[in-house]
Amino acid sequence: MNPIDRRRFLKTGAAGALATAAASPAAFAQAASAASGPNVANASNASNPSNANPPKVTRILAEFIVRTHYEDLPATARKEGVRTLMNWVGVAVGGSHDETVDRAVAALAPFSGPPQANLLGRTERFDIMNAAFINGVSSHIFDYDDTHLKTIIHPAGPVASAILAVSQYRPVSGKDFLNALVLGIETELRIGNAVYPNHYDVGWHITGTCGVFGSAAATGKLLGLNVQQMVWALGLAASQPVGLRESFGSMNKSFNPGRAAANGIFAALLAAKDYTSSDGMIEAKRGWANTISTKQDYSQITDGLGTHYESTLNTYKPFACGIVIHPAIDAAIQLRDQYHLTPDQIERVDLRVHPLVLELTGKKTPRIGLEGKFSVYHAVAIALIDGAGGEKQFSDAKVRDPETISLREKANTIVDPSIQPQQVDMTITLKDGRKLHKFIQHAIGSVEVPMTNQQLEKKFADLVDGILSPAQTRALMDKCWHVETLANAGDIALAALPGSQAS
């Protein structure tokens, strides 16, 4: 860009440049990169000079969301969007009869509005915001949902919960639904990248705080918001951050993606009626990023926008617990299976782990299943006993089982900063003196060792067992796999209704 053109660009602003960009993703990415300007990356605090004139990322994102169509999505983004949907529906139906969901339904039923949308795996119908909230809770209560490992965001909960409810109130095609899902997830992940890890480190539950942007973006896309309305929707989402890490291990944790889903719908509905907000709510001096994080790397939002999709890095949990203890479970299962171990053979288990493992999952003596999900000690014990780490291994009964407790007490952790969060170094000492060793570089379920479609189907079937019949399960999985062919994406929710004959 020559000096004259650059001055003209800066004078008219990012919005003008993006509005005149060609429809191709490459052209959009080039415009977004230009809008970012130099020296915006790694702004660590409000006093950093690079924060004095930040890019207009709220409007850049709004332009991207509004102007991107299903046909613009690369095949990889579509494919992972379908896998994301498949995983989310399975965990949402699977969690639908947990005590947490029962309590939420009982609390909100007297106050719910018109019966506009289904609760997955249940017979009740609520208004779209309360349905989105409860489905978001249901999908996260087992801690078995999808994970973007760069930020530890669980992307689908806030976004899919919102747009599935909306699609029952305002029918949309499967292609439009998938497009909105991918764009909403892309929005939340890029915003998350811009503030992680500082934002997370101070105590925010990033799935809730960033998920609300994804919900607002995806809902707004389905509602047909124009660019200015989408700017306002993102701004209203910025005013509703939800979720603190102190909630981990309690019902409150699953509240966060549920509330983010409902808040995003709220923001988009208001914006659709021209309820205004600041045009720079993400990047302004007293806006979202500067208020709740000491890091603001706006290049993480703009670089490659429209060509590189963060959503293609989404992963799916093979184990129903905190992602940082998946390597330990993987190592324990591999050693158990390789040497045909039984608990009575084991003298001690030593794990070298990253500091984050104990920060997030250091509960030595969990008392209930929810706490067991945040105990690396319990996770290793049940992996060695059962050779699994599904929801059944994190029940209240398992946490209190004497055999589990005995083996749990033999597990020892050693914090080693040289170990990466995705790694574990495990040594099992047997009573006969043998030492068995396993180092996990990347656990199953990671980007490097992804779950296959067949493994996702098995996980899905295990989760919904006892809620849906085998025939219903197959029909529901098929609707998820073939979402792009559906005339109305809301049919997915109907197929998840117990006793449904939908096909």
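Each value in this text was obtained by applying a stated rule to the coordinates, not by laboratory testing. Quick caveat, the model's predicted, so the values are computed rather than measured. Methodologically, a virtual Cβ is constructed for each residue, glycine included, from the backbone with ideal geometry; neighbour enumeration extends over all protein chains shown.
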When THR315, THR307 are arranged by how many other beta-carbons sit within 10 Å of their Cβ, fewest first, they go THR307, THR315
Stretched fully, the stretch from ASP416 through PHE439 gains (0.36 nm per residue minus C-alpha distance, one decimal, in nm) 6.9 nm
From the cross-link list LYS79/LYS363; LYS363/LYS459; LYS221/LYS392; LYS363/LYS431; LYS438/LYS479, the entries with a Cα-Cα span beyond 29 Å are LYS79/LYS363; LYS221/LYS392; LYS438/LYS479
Checked against the positive end of the charge dipole of the chain (+1 on Cβ of Lys and Arg, -1 on Cβ of Asp and Glu, about the Cα centre), the farthest of ILE405, LEU269, ALA131 is LEU269
The ³J(HN,Hα) series, computed from each phi in region 310-320 with the Karplus coefficients 6.51, -1.76 and 1.60 at θ = phi - 60°, rounded to the nearest Hz and given as x for glycine or proline, is 4, 5, 6, 9, 5, 10, 10, 7, x, 10, 8
A chain fully extended from THR429 to SER239 at 0.36 nm per residue, minus the present Cα-Cα distance, gains in nm 63.2 nm
In debye to the nearest 20, the charge dipole size for region 323-440, taken about the Cα centre with +1 at each Lys and Arg Cβ and -1 at each Asp and Glu Cβ, equals 140 debye
Among PRO421, ILE385, ALA217, the residue whose Cα sits farthest towards the positive end of the charge dipole of the chain (+1 at Cβ of Lys and Arg, -1 at Cβ of Asp and Glu, taken about the Cα centre) is ALA217
Of all DSSP beta bridges having both residues in the chain, the percent classed as antiparallel (nearest 5) is 75 percent
Here the relative contact order (percent) of region 325-381, from C-alpha pairs under 8 Å and at least 6 apart, is 36 percent
In degrees rounded to 10, the 0-90 angle between helix 252-272 Cα long axis and the longest Cα principal axis of the chain is 20 degrees
For the chain, the convex hull over Cα atoms projects on average to an area in nm² of 23.1 nm²
A student applying the Cα gyration tensor rule (rounded when a/c is under 1.5; otherwise prolate if a/b is larger than b/c, oblate if not) would label region 208-361 prolate
In Å, the Kirkwood estimate of hydrodynamic radius for region 180-275 over Cα pairs equals 13.0 Å
Here, region 323-440 modelled as identical Cα point scatterers in vacuum has Debye log10 I(q)/I(0) at q = 0.22 Å⁻¹ of -1.25
PRE zone check, label point 7 Å out along Cα-to-Cβ of ARG103, amide N under 19 Å, scope region 248-267, hits 248-260
Amide H contacts under 5 Å for ALA411, restricted to residues at least 5 apart in sequence or on another chain and with H modeled in the peptide plane, are VAL349
